[in-house]
1. Look through region 80-94, keep the residues that are part of a helix (DSSP H, G or I) and surrounded by 23 or more Cβ atoms within 10 Å (Cβ to Cβ), and return whichever of them is nearest to the chain's Cα centre (by Cα).
2. If I ask for residues that are part of a loop (DSSP other than H, G, I, E, B), in contact (Cβ under 8 Å) with a residue 60 or more places away in the chain and closer than 30 Å to residue 134 by Cα, which ones from region 153-212 would you list?
3. When residues of region 56-94 are filtered for being in contact (Cβ under 8 Å) with a residue 40 or more places away in the chain, in contact with a strand residue (DSSP E or B) (Cβ under 9 Å, 6 or more places away or on another chain) and within 11 Å of the ligand (Cβ to nearest atom), how many remain?
4. Which residue, of 311, 251, is away from the ligand (no atom under 16 Å from the Cβ), crowded, with 21+ Cβ neighbours inside 10 Å and closer than 18 Å to residue 176 by Cα?
5. How many residues does region 137-163 contain that are surrounded by fewer than 23 Cβ atoms within 10 Å (Cβ to Cβ) and out of contact with any strand residue (DSSP E or B) (no Cβ under 9 Å at 6 or more places or on another chain)?
6. Limited to region 277-320, what total is found for residues that are more than 18 Å from the chain's Cα centre (by Cα) and free of Cβ contacts under 8 Å to residues at least 40 places away in the same chain?
7. For region 9-35: of the residues being surrounded by fewer than 15 Cβ atoms within 10 Å (Cβ to Cβ) and within 13 Å of the ligand (Cβ to nearest atom), which is farthest from residue 54 (Cα to Cα)?
8. Condition check: modelled with pLDDT of 95 or more and at positive phi. Does residue 296 satisfy that?
Ligand code: NDP
């Protein structure tokens, strides 16, 4: 499978190029950058044969099967629409788009064209989350009463830039992290939040965008979900908890790009550590994407998953602005 990278980004160089190259017969053919020099340097550093500044010229290569879009968020929609029109399979970074309407348009266009469209929600590929999901779906903690997500981190210096100061590029902790938490909660509970309340603010980093948010979501089953996302917490650590009628799951250091963390199960029988696989999250995502293209499999998170995580993030932002309970609008999905 031949790949074109749309965006000379850190997530591409840090994780996804390697994940593409671990797939049998996969190669990265080109990279697109808005800046010719940066594109050429990126291509050289990552051993990519060609760099482009013109998307149509990059997409004109008929030997390219798939694109990976990892530009800033406002570019995902036009770039995905062009790639789909050119008949390429698309792995798109989260959040899929700036608006729900744009995300819906991308997913519908991919369906009409018959190409695979996936969202790069990495967390559902983690061995830790797969183990937690198994515990919940096998009834190990009974009916889930509540869940709590701790995703308040210290945004590393090199990732600040547009994330903390550019609303027009999709900056802010809500599009950056709430989408991942929404996807993770949907993955574990197999249901979609109905409505949310939220408070957002800046606590030392955001310049014109929120850097911290807390929210509470209602699920159709009655499960209550509480989440905390931030860019400014140096020592909080991440985690997720599920509390059920028959037990509780406490997972620490699992809202991360690395295959790390600990899971503890507490029930009437006592406490135990839960083992899990420690494979690379992005390798698994790319493997499932490749299978989806080659043998009609399913990517780990598809386009509808990307629409739904974006819908929850929009509701959280709306609720933080209005101070009211906001229903989540899934755009008909
Ligand atoms: P970067 O800031 O590294 O890259 C985004 C864009 O910024 C690039 O496309 C590039 O533009 C431009 N850029 C990169 N380096 C420089 C530089 N030194 N000077 C000026 N401009 C530069 O973003 P991330 O890799 O952190 O994020 C990209 C996308 O991936 C986002 O949508 C984000 O939400 C998502 N993401 C997803 C993660 C996941 O695990 N699923 C993790 C991290 C990010 P150009 O291409 O025009 O050269």
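1. Within region 80-94, the first condition is being part of a helix (DSSP H, G or I), and the residues that meet it are 80-85.
Retained after the next criterion (residues that are surrounded by 23 or more Cβ atoms within 10 Å (Cβ to Cβ)): 80, 83-84.
On the way: 80: 16, 83: 20, 84: 20 Å.
For region 80-94, the residue satisfying everything is 80.
2. Selection gives 153, 192, 193, 194.
3. Residues of region 56-94 in contact (Cβ under 8 Å) with a residue 40 or more places away in the chain: 58-59, 61, 63-75, 79, 83, 88-89, 91-94.
Pick out the ones that are also in contact with a strand residue (DSSP E or B) (Cβ under 9 Å, 6 or more places away or on another chain) and you get 58-59, 61, 63-71, 75, 79, 83, 88-89, 91-94.
Subset that is within 11 Å of the ligand (Cβ to nearest atom): 68-71, 75, 79, 91-94.
Selection size over region 56-94: 10.
4. Working: 251 fails: closer than 18 Å to residue 176 by Cα.
Among 311, 251, only 311 is away from the ligand (no atom under 16 Å from the Cβ), crowded, with 21+ Cβ neighbours inside 10 Å and closer than 18 Å to residue 176 by Cα.
5. Total meeting the criteria: 9.
6. Summing the residues that are more than 18 Å from the chain's Cα centre (by Cα) and free of Cβ contacts under 8 Å to residues at least 40 places away in the same chain in region 277-320 gives 5.
7. 14
8. On the way: modelled with pLDDT of 95 or more: no; at positive phi: yes.
Taking the combined requirement at face value, the residue does not satisfy it.
The values are calculated or read from the model by the stated rules, or taken from the named source; none is laboratory data. Computed from a prediction, not measured in an experiment: that's the story for all the values here. With ideal geometry, Cβ positions are generated from the backbone for all residues, glycine too; neighbour counts draw on all protein chains shown.
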